[in-house]
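Before any comments, here is the structure.
The values are calculated or read from the model by the stated rules, or taken from the named source; none is laboratory data. None of the values given here were measured: they were computed from a predicted structure. Cβ sites come from the backbone with ideal geometry, for glycine too, and all protein chains shown count toward neighbours. The accessibility values were calculated without ligands, DNA or RNA, using every heavy atom of the protein model including side chains. Shrake-Rupley method; radii C 1.70, N 1.55, O 1.52, S 1.80 Å.
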Amino acid sequence: MDQTRTSAGLEGVAAAAKQASGRGLPPVHLWNPAHCGEIDIVIKRDGLWFHEGTPIGREALVRLFSTVLRKDPEGYVLVTPVEKLAITVEDAPFVAVRVDREGEALRFLTNVGDMVAAGADNPIRVEMNAETGEPRPYIHVRRGLEALIARPVFYELAEMATPRDTPGGQMMGVSSNGAWFAIGPPETLPQAGPV
């Protein structure tokens, strides 16, 4: 890809995101610009953002870019009213780094500063790695974007979990905002210990 195009795209996305982020999250779901190509941004499995192979060290810039991230049928894009650039996401675009019980709600904090309460609109789901048998837990954050629940946070969920009989057998799960989420059979949950 043309270096000038990539740099101009990065600066253009940043400038447009700054303009649009005055009042909460920009309405990226309403923007439908023509696809403009790709930009060499990769969100790694651990939630770190890289541009052209180098970590983006400015937390404010990562947070800004996260506000214009959208998941389209073709994949993840950074979108502004005039530009749409494809990026690479290795797993989930965000990581849930903290959970707190507030009354009936489980509130998660992501690595980019989003606060999300688990519930019917923001479900928790757990996939099992077919090779290792390890759980891969996620929470929906917004408009099809998910956060991988970090292992220490999943340990906290496992400690909060209670058993329930389900059609698939006994499952452990957590409740939040009137919804119950299975997080796995008792024998598959992580045991708290050194992290």
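Across the stretch 113-137, which residue is surrounded by the most Cβ atoms within 10 Å (Cβ to Cβ) among those that are touching a Pro at 6+ places or on another chain (Cβ under 9 Å) and of a type outside the set (Lys, Arg)? Looking at residues that are touching a Pro at 6+ places or on another chain (Cβ under 9 Å) and of a type outside the set (Lys, Arg), I get 124.
Here 127, 131 are screened, and the one residue that is of a type in the set (Asp, Glu) and in a strand (DSSP E or B) is 127. Tell me, yes or no, whether the stretch 161-169 has at least one residue that is part of a strand (DSSP E or B), open to solvent by 40 Å² or more (accessible area, probe 1.4 Å) and under 30 Å from residue 74 (Cβ atoms). The answer is no, given that none of the residues of the stretch 161-169 is part of a strand (DSSP E or B), open to solvent by 40 Å² or more (accessible area, probe 1.4 Å) and under 30 Å from residue 74 (Cβ atoms). Here residue 107 meets each of (1) in contact with a Ser or Thr (Cβ under 6 Å, 6 or more places away or on another chain); (2) free of Cβ contacts under 8 Å to residues at least 12 places away in the same chain with one exception, condition (1). Given the structure, is residue 94 open to solvent by less than 20 Å² (accessible area, probe 1.4 Å), closer than 30 Å to residue 175 by Cα, in contact with a strand residue (DSSP E or B) (Cβ under 7 Å, 6 or more places away or on another chain) and among the aromatic types (Phe, Trp, Tyr)? So residue 94 passes the test.
I'm checking my understanding of the structure. Among residues of the stretch 14-58 that are modelled with pLDDT under 60 and of a type outside the set (Ser, Thr, Tyr), which one is nearest to residue 115 (Cα to Cα)? I'd like the intermediate steps shown before the answer.
First, pick out the residues of the stretch 14-58 that are modelled with pLDDT under 60: 15-23.
Checking which are of a type outside the set (Ser, Thr, Tyr) leaves us with 15-20, 22-23.
Details: 15: 24, 16: 23, 17: 19, 18: 20, 19: 22, 20: 20, 22: 18, 23: 16 Å.
Looking at residues that are modelled with pLDDT under 60 and of a type outside the set (Ser, Thr, Tyr), I get 23.
Out of the residues in the stretch 97-112 meeting the condition of being out of contact with any Lys or Arg (no Cβ under 8 Å at 6 or more places or on another chain) and β-branched (Val, Ile, Thr), tell me which one is most open to solvent (accessible area, probe 1.4 Å). Filtering the stretch 97-112 for residues that are out of contact with any Lys or Arg (no Cβ under 8 Å at 6 or more places or on another chain) and β-branched (Val, Ile, Thr), the one most open to solvent (accessible area, probe 1.4 Å) comes out as 97. The numbered conditions (1) more than 29 Å from residue 172 (Cβ to Cβ); (2) of a type in the set (Asp, Glu); (3) open to solvent by 70 Å² or more (accessible area, probe 1.4 Å) are all true for residue 83 except (3). The set of residues in the stretch 138-147 that are open to solvent by 20 Å² or more (accessible area, probe 1.4 Å) and either without any contact (Cβ under 8 Å) to a residue 24 or more places away in the chain or not in a loop (DSSP other than H, G, I, E, B) (or both) comprises 140, 142, 146.
Taken over the stretch 27-73, the residue count meeting the criterion of being open to solvent by less than 50 Å² (accessible area, probe 1.4 Å) and either outside any loop (DSSP other than H, G, I, E, B) or among the aliphatic types (A, V, I, L, M) (or both) is 21.
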